[in-house]
């Protein structure tokens, strides 16, 4: 046996046994300490002695043990940072390629790729890459998983999770010497110093561990096999429906079937009060379409009252849906238009509502434009959903047009004196 490596061979003493000799290799020395204070002091001595391949073991975290052992800051944060940056770059490049290169789609002259709109996906990929790198990097830097450690051979070491503290110095340390290292640990206050040997053959993972992973792998393949069979094999019964969406609702066959969802328990329901059968709705086309037959309305419908409340409602709807393109004054210089001009996009200029052809259009034509759109202007019927709101927008547009061509007779009497004083 070498004094440094400590290799030895053990054979059976039975004359009829032909077992393969087991070569034992010195793994290192294990020093036991009574309390955490002695452990920290011993760590400082081992550190100052220049040992680098060693470790401390405690049943609970010990304050200051990192500094006592001379452990430098982990490189894991740097690894996480670069992986997070990779996630950010992946999110940016992926969305740029999809939206601006591979499948560009022009929407009202908006840019194909804009950073603010893509921030959520970029953020999620950054977090995903960082989280995965933290877990994977932790295992990699710690050399995990390890299914076996030679220290487990020591009966004494079992108390490392209970009430004892240990320092293990490995024989692979450049400064390791069986005698001098033992003396150092004893002088550091160790209650006992034990030699730890290991077999020269690598230890395989526990058999239970292998079987457990094999079973989990087989179980994980079951859903994949079920999906493959459901998609490819003909079956004569309904497929397994895990999530019951609207495509698979409970049916109540028969007019007199019971339905516990209602108080009276009947599946067949009476029509809701005021229900109009399909195809039987009778509406006033002047109010709903802005026309009578093929002719546009030239005056507002009789049931539309032009007053301050209607104009204020029209102003509110106009500034939300119309002003971004047409501008607050109707001149066609809205914010969206200004941005499109600055960026040189292929933007179709919105109409100036004060142009002669627009100003002379019948109110029914303007109503139809608001509801159904015209040329490059999209329809706003779904957003400005009520007839009264659409007529309110038309009334406000007419008020804007008149404001640019007001006659002296249009000025209220109480305001004329104020205008005269300004002159």
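No lab work stands behind these numbers, since they all come straight from the coordinates. Source: prediction; values computed, not measured. Heads up, the Cβs are rebuilt from the backbone with ideal geometry, glycines too, and the neighbour counts pull from every protein chain shown.
Annotations
- Considering only the chain, percent of DSSP beta bridges that pair antiparallel, nearest 5: 100 percent
- MRE, 222 nm, helices only [DSSP H, n ≥ 4, -39500 (n - 2.57), over the chain, to nearest 500]: -13000 deg cm²/dmol
- Degrees, to the nearest 10: 115-141 long Cα axis against longest axis of the chain: 10 degrees
- Using distinct alpha-carbon pairs, which all enter the 1/r mean, Kirkwood radius of segment 173-315 in Å: 27.6 Å
- For segment 349-423, the average shadow cast by the Cα convex hull is 6.9 nm², which is a quarter of the hull's surface.
- Divided by 2.2 N^0.38 Å, where N counts the residues, the Cα radius of gyration of segment 286-405 comes to 1.04.
- All-pairs Cα distance distribution in segment 21-203, expressed in whole percent, bin size 5 Å: 1, 7, 12, 13, 13, 10, 8, 6, 6, 5, 5, 5, 4, 3, 2, 1, 0
- Listed by Cβ neighbour count within 10 Å, with the fewest neighbours leading, 337, 52, 90 appear as 52, 90, 337.
- Label point at residue 343 placed 7 Å out along Cα→Cβ; residues across segment 98-126 whose backbone nitrogen lies under 13 Å: 100, 105-118
- Order of 251, 312, 44 - criterion: other Cβ atoms within 10 Å of each residue's Cβ, fewest first: 251, 312, 44
- Value of Rg to Rh for the chain (Rh from inverse mean 1/r over Cα pairs, i.e. Kirkwood): 1.28
- As a proxy for reagent exposure, 296, 211 were ordered by neighbouring Cβ count within 10 angstrom, fewest first; the result is 211, 296.
- Cα gyration tensor of segment 67-138 - equivalent ellipsoid semi-axes, whole Å, descending: 37, 9, 8
- Reference-scaled alpha-carbon Rg (2.2 N^0.38 Å with N residues) for segment 103-166: 2.35
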